[in-house]
1. Determine whether K51 is charged (D, E, K, R), within 12 Å of V113 (Cα to Cα) and out of contact with any Leu (no Cβ under 8 Å at 6 or more places or on another chain).
2. For region 157-178, check the following and say yes or no: at least one residue is touching a Cys at 6+ places or on another chain (Cβ under 7 Å), modelled with pLDDT of 95 or more and of a type in the set (V, I, T).
3. Within region 81-104, how many residues turn out to be acidic (D, E), modelled with pLDDT of 85 or more and not in a strand (DSSP E or B)?
4. Just name the residue that is surrounded by the most Cβ atoms within 10 Å (Cβ to Cβ) out of those in region 36-80 that are within 18 Å of the chain's Cα centre (by Cα) and not in a strand (DSSP E or B).
5. Name the single residue, out of those in region 135-149 being crowded, with 20+ Cβ neighbours inside 10 Å and in a loop (DSSP other than H, G, I, E, B), that is nearest to the chain's Cα centre (by Cα).
Amino acid sequence: MKAKLANALLGTMLLVILSPLNSLYADQMKRTFPAVAGGALKVVAEGAGVKVIGGTADQVSVTLDSPREIGKFYDVSLGKEGDAVVIIVKAKDSDHLLSRFFGNNSPKLEITVGVPAQTNADINTSGGEIEVSGLEGSVDANTSGGGIDCSRIVGPLVAHTSGGSINLVSVAGTCSAGTTAIDSGPAGYLSSAG
């Protein structure tokens, strides 16, 4: 009985001590860009999930969230090329103590982008899920390590993943979606016009 109580107390103490350490490393990067209707968003990301939300704003707001310092694990480029906002995220090869014990795995990075509804989005990520909602422009979403969720898309949609599922809700434009198994070729394909 005493041993069980001691183990429970020790576990609780460790949880209380280690919980604040998680928040010590939390990092966030924010940036906004002027936008025009019919503009474009291009995202190329390694080891990151991407969420794009269309709305009525006249700007593009970009937020990157990570449980660890973003600059230590990722090279990030945020900029504008003509009418396009371009986000490029590359995972760094890491020498950090964390990677020596747990391999060269960068912490998960989440990219959230708010755009005008009329934006055309081209999203490519390895190691993350893609979520797109509320866009009236074209959407091209490709990931090699996660699922794709698209909802309330009016323009043409192309979605491809080799490591997850595809969920489409309220897609009014033409649609081409598919998944590919790594060793066995195409696992499924859907094409529709609407």
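The values are calculated or read from the model by the stated rules, or taken from the named source; none is laboratory data. Since the model is a prediction, treat every value here as computed from it, not as a measurement. When we count neighbours, we look across all protein chains shown, and the Cβ atoms used for this are built from the backbone with ideal geometry, even at glycine.
1. So K51 fits the description; yes.
2. No, there is no match, as no residue in region 157-178 is touching a Cys at 6+ places or on another chain (Cβ under 7 Å), modelled with pLDDT of 95 or more and of a type in the set (V, I, T).
3. Residues in region 81-104 being acidic (D, E), modelled with pLDDT of 85 or more and not in a strand (DSSP E or B): 1 in total.
4. Ranking the qualifying residues of region 36-80, first place goes to F73.
5. G146
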